[in-house]
Amino acid sequence: MCTQIDAIIDRGSTAVAQPEYLRIAGELRQRITSGQLAPGDQLPTLPALCAMHGVSETTIRNALRLLATEGLIETRARAGTRVRPRPPIHRMAADRYRSTPGAKSTPYTRDQGIGWSEYRLDKRFERVQADAMLAGLFECEVGERLLARHFVFYDNDQPTQMSTSYVRWSDVAGTPVADPINEPWPGGTRAQMASLGVRISQITESFTAGMPTELEAATLRIGSGVPVLRYTRKHLADTGRVVEVAHPIVRRGDTTIVDFRIDLDD
């Protein structure tokens with residue numbers, strides 16, 4: 001006589017048929033990731049895909065919609081559906097914040113491996129007051145005045161990073177650092193603080209990962225199914241005072257590798 005546990009095991013071992021749209025999406029995904037369908041290649045038309053797989057147009061549309069959310073394909077009016085170009089992998093090295101004397105660069109350009117002429121930055125500055133979260137990050141009072149600097153970073157014409165960087169208004173008021181016309185600033189935040197007589201002695205970063213918000217997906221031009229890497233960065237002066245907080249910095253997670261090096265004395 002079959003016990004209750006046996007019955008559960010039997011039910012659990014019963015194969016569940018995979019929805020057709022998932023099977024078709026899987027086949028197309030494999031062709032894309034294996035290189036059989038290269039970036040820029042056009043997929044067969046809807047009627048052709050229906051005939052190839054013996055399914056309805058709705059099933060094909062569902063499969064294509066899934067691949068689009070993963071950022072693998074894109075559909076344009078009168079241009080059909082094509083395989084999207086896949087951005088190159090970028091490695092974020094642990095020493096990217098080290099200064100390079102005489103070089104016109106920032107940690108971002110060094111991450112991307114691009115020259116200054118290939119670098120473009122959208123920016124918007126506004127004065128805000130520290131809420132409880134920012135006060136905790138800055139170790140300051142709630143309500144302290146800050147300058148919020150909203151950035152979108154471009155490698156040539158491709159947006160690859162977005163961030164909001166906060167600095168204390170008392171540090172930057174009336175200085176070139178508070179004027180967006182001076183962005184991008186060679187050397188980045190560390191060089192900006194040096195121009196104010198502030199020596200940065202430590203930088204901390206905390207990483208998380210997740211799915212993109214609607215704004216993040218639209219800004220970075222990625223599918224809603226592409227994960228993003230978010231991190232919070234703090235610049236600390238040699239006195240231990242937090243002088244800058246970037247929260248969050250956002251990059252697409254599937255093409256970003258963060259490298260760490262740990263030197264051991266023993």
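The values are calculated or read from the model by the stated rules, or taken from the named source; none is laboratory data. Keep in mind it's a predicted model, so treat the numbers as computed, not measured. FYI the Cβ positions are ideal-geometry reconstructions off the backbone, even for glycines, and counts take in every protein chain you see. With ligands, DNA and RNA removed, areas are computed over all heavy atoms of the protein, side chains included. Shrake-Rupley method; radii C 1.70, N 1.55, O 1.52, S 1.80 Å.
Numbers below:
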{"read-out": "Subset tally (residues that are touching a strand residue (DSSP E or B) at 6+ places or on another chain (Cβ under 9 Å), more than 13 Å from THR255 (Cβ to Cβ) and surrounded by fewer than 17 Cβ atoms within 10 Å (Cβ to Cβ)) for the range 210-228", "value": "5"}
{"read-out": "Options ALA178, ALA173: the member that is over 20 Å from HIS90 (Cβ atoms) and surrounded by 15 or more Cβ atoms within 10 Å (Cβ to Cβ)", "value": "ALA178"}
{"read-out": "Hey, ASP155 buried (at least 18 other Cβ atoms within 10 Å of the Cβ) and not hydrophobic (A, V, I, L, M, F, W, C) or not", "value": "yes"}
{"read-out": "Single match in ASP263, ASP259 (criterion: open to solvent by 10 Å² or more (accessible area, probe 1.4 Å) and either closer than 14 Å to ILE203 by Cα or in contact with a strand residue (DSSP E or B) (Cβ under 8 Å, 6 or more places away or on another chain) (or both))", "value": "ASP259"}
{"read-out": "All positions within the range 165-196 that are touching a residue at least 40 places away in the same chain (Cβ under 8 Å) and part of a helix (DSSP H, G or I)", "value": "TRP169, ASP171, ALA178, PRO180, GLY188, THR189, ARG190, ALA191, MET193"}
{"read-out": "Number of positions in the range 231-256 that are closer than 30 Å to ASP171 by Cα and either open to solvent by 90 Å² or more (accessible area, probe 1.4 Å) or not in a strand (DSSP E or B) (or both)", "value": "4"}
{"read-out": "Elements of type strands (runs of 3 or more DSSP E) in the range 36-124, at least 3 residues being open to solvent by less than 80 Å² (accessible area, probe 1.4 Å)", "value": "80-83"}
{"read-out": "Any pair with Cβ under 8 angstrom, 6 or more apart, that starts in the range 58-84 at a residue that is on the phi < 0 side of the Ramachandran plot and in contact (Cβ under 8 Å) with a residue 60 or more places away in the chain and ends at one that is open to solvent by less than 50 Å² (accessible area, probe 1.4 Å) and assigned to a strand (DSSP E or B)", "value": "LEU72/VAL83"}
{"read-out": "VAL142 vs. criteria in contact (Cβ under 8 Å) with a residue 24 or more places away in the chain, touching a strand residue (DSSP E or B) at 6+ places or on another chain (Cβ under 9 Å) and either farther than 18 Å from HIS235 by Cα or open to solvent by 40 Å² or more (accessible area, probe 1.4 Å) (or both)", "value": "no"}
{"read-out": "Subset of the range 145-170 [closer than 17 Å to HIS235 by Cβ, of a type in the set (Phe, Trp, Tyr) and touching a Pro at 6+ places or on another chain (Cβ under 8 Å)]", "value": "none"}
{"read-out": "Cβ pairs under 7 Å, 6+ apart, first in the range 146-164 and closer than 18 Å to PHE125 by Cα, second of a type in the set (A, V, I, L, M, F, W, C) and outside any strand (DSSP E or B)", "value": "LEU146/ALA130; LEU146/LEU134; LEU146/TRP169; LEU147/TRP169; LEU147/VAL172; LEU147/ALA178; MET162/LEU220"}
{"read-out": "Selection from the range 181-206 of residues that are surrounded by fewer than 13 Cβ atoms within 10 Å (Cβ to Cβ) and of a type outside the set (S, T, N, Q)", "value": "ILE181, GLY197, ARG199"}
